[in-house]
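Some notes on the structure that comes next.
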Amino acid sequence: MSADVDRLRDLIAEARRIVIFTGAGVSTESGIPDFRSPGGIWTRFKPIYFDDFMSSREARRETWRRKLETDKTISVAAPNRGHKAIAALVSRGKASAIITQNIDGLHQASGVPDDKVIELHGNSTYASCLDCGERHELAEIIPPFAEAERLPECKACGSEYVKTATISFGQQMPETPMRRAQEETLAADLFIAIGSSLVVYPAAGFPVMAKQNGARLAILNREATDLDRYADLVLNAEIGPSLGAAVGLN
Ligand code: NAD
Ligand code: ZN
């Protein structure tokens, strides 16, 4: 494993413009379960599709019940060594952007400026109105729901479609983040995928796009991924310790 960490350190040293791509695995060391590992969210909840959220009040209530549940971990989570190593690459000017599938806001919490974090699946730390786009703070929504399962309504337009600012299965991908992720991917000479099983599309298309465009591709994940065959380096290790060592974090 240490030879692979050395190899990752070399790839980072040789790169001029790195794009970091992260999945749920980068946040497990912060206490947030990932999707597909044993005990992960997947094994407990079936996903609620976007159409169901729109057509059923009961699906909306179930969505907010789950939000209360997942918030017990997300709202108290803090960035870990992996997030900090990634933040160091950004602050040193090595990494131009972080493309993330995560919705927990921990890259921003680790000190990375908002404009360097491209969120493909949105953000669960606030909510927005699906009709008019008005932002709503969870602090206003959660107490009435927790007390009497009262569904939020938009304070700007009265819509009953107020949802955490995340992208559900079956919901259209957000246009601007998708375009920016593509631009960053095509400008990178090293693309590092970290803590993702690389099975959720279109997000998992970016590592392949980078490779086909001539960038080097490194994959850091504790287990094999679907895209290992494309990679110049596959590092099967725990993220915090290995990335911390490769980046030279004290
Ligand atoms: P995933 O669960 O499919 O894959 C995570 C991968 O990380 C797994 O292969 C696992 O073996 C690996 N991993 C977990 N902890 C690790 C560690 N400490 N060191 C090394 N490897 C580790 O997650 P995904 O690929 O991101 O895709 C699932 C979807 O889940 C995404 O769309 C994302 O939006 C959502 N999600 C987000 C969060 C979050 O925001 N923290 C949490 C759960 C799910
Ligand atoms: Zn509205």
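Numbers for the structure displayed
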{"read-out": "Selection status of residue 103, open to solvent by 50 Å² or more (accessible area, probe 1.4 Å), under 20 Å from residue 168 (Cβ atoms), within 16 Å of ligand 1 (Cβ to nearest atom) and not small (Gly, Ala, Ser)", "value": "yes"}
{"read-out": "Every pair of residues 6+ apart whose Cβ atoms lie under 6 Å, when the first sits in the stretch 155-175 and is more than 11 Å from residue 120 (Cα to Cα) while the second is among the charged types (D, E, K, R) and open to solvent by 70 Å² or more (accessible area, probe 1.4 Å)", "value": "157/131; 159/131; 160/153; 161/131; 170/51"}
{"read-out": "Which numbered condition residue 140 misses (of (1) part of a helix (DSSP H, G or I); (2) away from ligand 2 (no atom under 16 Å from the Cβ))", "value": "(2)"}
{"read-out": "Breaking point among (1) in a loop (DSSP other than H, G, I, E, B); (2) among the small types (Gly, Ala, Ser); (3) in the same structural domain as residue 247 (by TED's automatic domain parsing), for residue 133", "value": "(3)"}
{"read-out": "Enumerated strands (runs of 3 or more DSSP E) restricted to the stretch 60-129, each holding at least 3 residues that are within 16 Å of ligand 2 (Cβ to nearest atom)", "value": "122-129"}
{"read-out": "Residue that is farthest from ligand 1 (Cβ to nearest atom), among those in the stretch 133-163 that are under 26 Å from the mean Cα position of the chain (by Cα) and open to solvent by 70 Å² or more (accessible area, probe 1.4 Å)", "value": "140"}
{"read-out": "Criterion: within 30 Å of residue 235 (Cβ to Cβ), at pLDDT 95 or above, surrounded by 13 or more Cβ atoms within 10 Å (Cβ to Cβ) and among the basic types (Lys, Arg) - qualifying residue of 17, 36", "value": "17"}
{"read-out": "Tabulated pairs, the stretch 1-26, first under 10 Å from residue 246 (Cα atoms), second open to solvent by 10 Å² or more (accessible area, probe 1.4 Å) and assigned to a helix (DSSP H, G or I), C-beta under 6 angstrom, 6+ apart or interchain", "value": "5/245"}
{"read-out": "Top-ranked residue in the stretch 164-176 [being in a loop (DSSP other than H, G, I, E, B) and within 16 Å of the chain's Cα centre (by Cα); ranked as surrounded by the fewest Cβ atoms within 10 Å (Cβ to Cβ)]", "value": "169"}
{"read-out": "Odd one out for residue 149, checked against (1) without any contact (Cβ under 8 Å) to a residue 40 or more places away in the chain; (2) not assigned by TED's automatic domain parsing to the domain that holds residue 22", "value": "(1)"}
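The values are calculated or read from the model by the stated rules, or taken from the named source; none is laboratory data. Everything numeric here is computed off the predicted structure, so don't read it as measured data. Note that each Cβ is placed from the backbone with ideal geometry, even for glycine, and that neighbours are counted across all protein chains shown. Please note that ligands, DNA and RNA were not included when accessible areas were found on the heavy atoms of the full protein model with its side chains. Shrake-Rupley method; radii C 1.70, N 1.55, O 1.52, S 1.80 Å.
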